[in-house]
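First comes the structure, then the notes that go with it.
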Number of protein chains: 2
Amino acid sequence: MKKVVKFGGSSLANAEQFEKVGDIIRSEESRRFVVPSAPGKRFDGDTKVTDLLYSCYDAAAKDGDFEKILEEIKSRYNEIIKGLSLTFSLDEDFQVIKENFKAQIGRDYAASRGEYLNGKVMAAYLGYEFVDAADVIRFDKNGNLDSEKTDKLLGKRLSKCENAVVPGFYGAKEDGTVTTFSRGGSDVTGSLVAKAIKADMYENWTDVSGFLVTDPRIVKDPAVIETITYRELRELSYMGATVLHEDAIFPVRKEGIPINIRNTNRPDDKGTFIVESTCRKPKYTITGIAGKKGFCSINIEKSMMNSEIGFGRKVLQVFEDQGISFEHVPSGIDTMTVYVHQDEFEEKEQQVIAGIHRLVQPDFVEMESDLALIAVVGRGMKSTRGTAGRIFSALAHANVNVKMIDQGSSELNIIIGVENRDFENAVKAIYDIFVLTQM
Amino acid sequence: MKKVVKFGGSSLANAEQFEKVGDIIRSEESRRFVVPSAPGKRFDGDTKVTDLLYSCYDAAAKDGDFEKILEEIKSRYNEIIKGLSLTFSLDEDFQVIKENFKAQIGRDYAASRGEYLNGKVMAAYLGYEFVDAADVIRFDKNGNLDSEKTDKLLGKRLSKCENAVVPGFYGAKEDGTVTTFSRGGSDVTGSLVAKAIKADMYENWTDVSGFLVTDPRIVKDPAVIETITYRELRELSYMGATVLHEDAIFPVRKEGIPINIRNTNRPDDKGTFIVESTCRKPKYTITGIAGKKGFCSINIEKSMMNSEIGFGRKVLQVFEDQGISFEHVPSGIDTMTVYVHQDEFEEKEQQVIAGIHRLVQPDFVEMESDLALIAVVGRGMKSTRGTAGRIFSALAHANVNVKMIDQGSSELNIIIGVENRDFENAVKAIYDIFVLTQM
């Protein structure tokens, strides 16, 4: 049994958090490969080490007093080292960093030091081997991950370790230039490590007890999703749910390695399992509710359009020609509606309308803005009759005007269009009927 | 006040029916312009005069004994004439018809004689002027209606009449060649006359008391629709409801002349009013339910398709290239479904699938056949919250599995996809919840 355990910044913000992490890792022998982030905020208003590093590097560029900021960063690490009673020093590392900052060898390098240093501390604390991500995560000349080389390098290097700490977020090009993933990229490192060592599980430890059924800014203390499929996750995340770094899914999904989102501060909570597929019935009929505001609908009417071969294609052509992607195309009889992102559409509105008139000679074109789309997602919906009925009864009850409904053959989601101002109420109403009422 | 009154074949099948028609016309002075069809069936198993005329003409072509059939037709009219105690003879007309049938001057001519002769009888019976449609309904060289010329000819000729009978179904080209509309075309004649004389109302008298909320083959004795807009009518008729001849709508719709569908056998019933728009609230939230079987869905899945500009357009392009029109394109996230007519699609299935694979490289394509689409149509739905909730709760209650939902911005209809075998149950369930329960 091999597990990769990745810890987010808030799980490693100070010595106290490090100790929790240590307890978690030591409680299971299988937790052999650790991917740490840089120390996050210790309290509200605190600054993440990564942000301090950027400031520091930028100060060095302007010949400012970057050493003062570097000292602040160093004190963050020393506070942790002291708190853990380690006999271990980062002095040499900070000397190198100072030189490199002066030499301005790269902003990615600067940002990556948060994870690098935290990895060193973690390795010393756990007595695990430290593996510099620059040696095992490979980027190509254009700064894109080279998955194949990375997989080989990681596999080769880690096969020699009983256990190891691989800092998250960065790697290097063939020539040694340190390169980072986009923000949140430690998730990706953890996933790459899990794939390379063929882990049985990729545990992703954060400060929440898993993915929530819906946005906690809309619904207070929403329920945690026990098990979610990659497919459901992708749908919820597309519709705005904050989840893992998108690129973190692909490597483990391909290998069938489940991800387990856990809470460092509540290690007994089972968290959320992300799996390729499962025969486990979801606890509620729906798995999650996500949504976004800021859509716009273009409603095109033309008598007999259904019998005009090519009508729909031409309409979509107009949007494509203007570089606008569409979200949904619900259609009635003699009417077709195109949902687009308002910000993409607004500046090209007139060209699109003119294009539609030119290409398909509609009877009538009407636009509506300030619309929101809500996705109700769940593998359980397919086998549960009446899901749509419950959704729309609940929305009616909440006085929400349903502008659009789209449910295709996958039956894994229903997309609902409402006015922006009804968005929160609609999400609440759907949450209530499926989770609170639990009918 | 001027009304055009059109009577269908069953309203004029025999003398008894003629008398009902006479009573109707005489009961309102405004019923000044009458458009009769040819005599229809007098009883189950009887043959319509138009069908006899086709047989007779074809028999003449094969040098068969067409005169016997012509005698049968003549006896139909004489039965009516005798039954109405008219001193009036069609001998001369039948002599001309016999000559023309021998000379094989045209199948359209043959078919048109049913209306022509019935118009003569009607004019004699009412004491109205007879206006031969060949003189006032004009077709172009290709056999298409010449609306402009027809409007002028009709307007000029009828402005001189206090009242008149214009037989339905036919007209003539510039050179006098008699030409007919497609079957049911007397509806079109009535509409053209109404437009030309700027009628206040076009009454279309049939053997039913108006349009029914749904198909009487599915729901026993469905309620009659009191008022329906042209738009709603078009939607229901597109989805399979049997209504007026499609071309009958356009002339009067343009002029804002309402159509009133009435029942010759129950003249006190108010029937159905077809109007351009109305502020009259419909009696039920929904105006009508119609549907069709025999659809097929092609479900295309591809990760990240939403961010791929042109994806949807390319998919529709494949269908267009094969000459297949689509009905609906519901979409989720990473999934897009295309609904098409099964009979159109089946023979080109493999080309379409291959085309989709070539053009958009999907992750997955899946097809499902034997699906039905149901349109729930109603102008009242927009202002009534909870319509969708009631529909889908009713369907769940009836154990109907909803495969697809499509509701666009017009909010005048909701399209629902179900399996063929659930079709009747679904229609019944929706009818019951809106009409019988009348909530």
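The values are calculated or read from the model by the stated rules, or taken from the named source; none is laboratory data. None of these values were measured; they are calculated from a predicted model. Here Cβ is always computed from backbone atoms with ideal geometry, including for glycine, and neighbour counts include all displayed protein chains. Ligands, DNA and RNA are stripped out before the accessible areas are found, and what is left, the full protein with its side chains, is counted by its heavy atoms. Shrake-Rupley method; radii C 1.70, N 1.55, O 1.52, S 1.80 Å.
Listing for the model above:
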{"read-out": "So A:Y125, is it touching a Pro at 6+ places or on another chain (Cβ under 8 Å), in contact (Cβ under 8 Å) with a residue 40 or more places away in the chain, among the aromatic types (F, W, Y) and open to solvent by less than 40 Å² (accessible area, probe 1.4 Å)", "value": "no"}
{"read-out": "Where B:F364 falls short, out of the listed (1) touching a helix residue (DSSP H, G or I) at 6+ places or on another chain (Cβ under 8 Å); (2) over 26 Å from B:L236 (Cβ atoms)", "value": "(1)"}
{"read-out": "Filter result (open to solvent by less than 10 Å² (accessible area, probe 1.4 Å) and within 13 Å of another protein chain (Cβ to nearest Cβ)) within the range B:361-379", "value": "B:L371, B:L373, B:I374, B:A375, B:V376, B:V377, B:G378"}
{"read-out": "Number of the condition not met by A:I289 [criteria: (1) at the interface with chain B (Cβ under 8 Å from one of its Cβ atoms); (2) open to solvent by less than 20 Å² (accessible area, probe 1.4 Å)]", "value": "(1)"}
{"read-out": "Of the criteria (1) crowded, with 17+ Cβ neighbours inside 10 Å; (2) within 14 Å of another protein chain (Cβ to nearest Cβ), which one B:N425 fails", "value": "(1)"}
{"read-out": "Residue list for the range A:151-174, filter: of a type in the set (G, A, S), over 21 Å from the mean Cα position of the chain (by Cα) and within 21 Å of A:R113 (Cβ to Cβ)", "value": "A:A164, A:A172"}
{"read-out": "Filtered residue count, the range A:411-422, keeping only those that are of a type in the set (D, E, K, R) and either under 17 Å from B:P330 (Cα atoms) or open to solvent by less than 10 Å² (accessible area, probe 1.4 Å) (or both)", "value": "1"}
{"read-out": "Output for the range B:393-418, where each listed residue is among the hydrophobic types (A, V, I, L, M, F, W, C), in a helix (DSSP H, G or I) and closer than 14 Å to B:F434 by Cβ", "value": "B:A394, B:L395"}
{"read-out": "Counted residues, the range A:303-335 - those being more than 7 Å from chain B (Cβ to nearest Cβ) and open to solvent by less than 30 Å² (accessible area, probe 1.4 Å)", "value": "6"}
{"read-out": "Listing of helices (runs of 4 or more DSSP H) fully contained in the range B:174-258 that carry 1 or more residues being farther than 30 Å from B:T437 by Cα, in the same structural domain as B:L158 (by TED's automatic domain parsing) and open to solvent by 20 Å² or more (accessible area, probe 1.4 Å)", "value": "B:186-196"}
{"read-out": "Residue list for the range A:388-410, filter: more than 7 Å from chain B (Cβ to nearest Cβ) and open to solvent by 10 Å² or more (accessible area, probe 1.4 Å)", "value": "A:R390, A:A394, A:H397, A:A398"}
{"read-out": "Per-region count, the range B:141-150, residues over 22 Å from the mean Cα position of the chain (by Cα) and surrounded by 13 or more Cβ atoms within 10 Å (Cβ to Cβ)", "value": "1"}
{"read-out": "Residue in the range B:76-83 that is open to solvent by 40 Å² or more (accessible area, probe 1.4 Å) and either of a type in the set (V, I, T) or in a loop (DSSP other than H, G, I, E, B) (or both) present", "value": "no"}
{"read-out": "Pairs, first assigned by TED's automatic domain parsing to the domain that holds A:Y125 in the range A:78-106, second at pLDDT below 95 and charged (D, E, K, R), C-beta under 8 Å, six or more apart", "value": "A:K98/A:E67"}
{"read-out": "Some residue of the range A:416-431 being acidic (D, E), in the same structural domain as A:N299 (by TED's automatic domain parsing) and within 27 Å of B:R379 (Cα to Cα)", "value": "yes"}
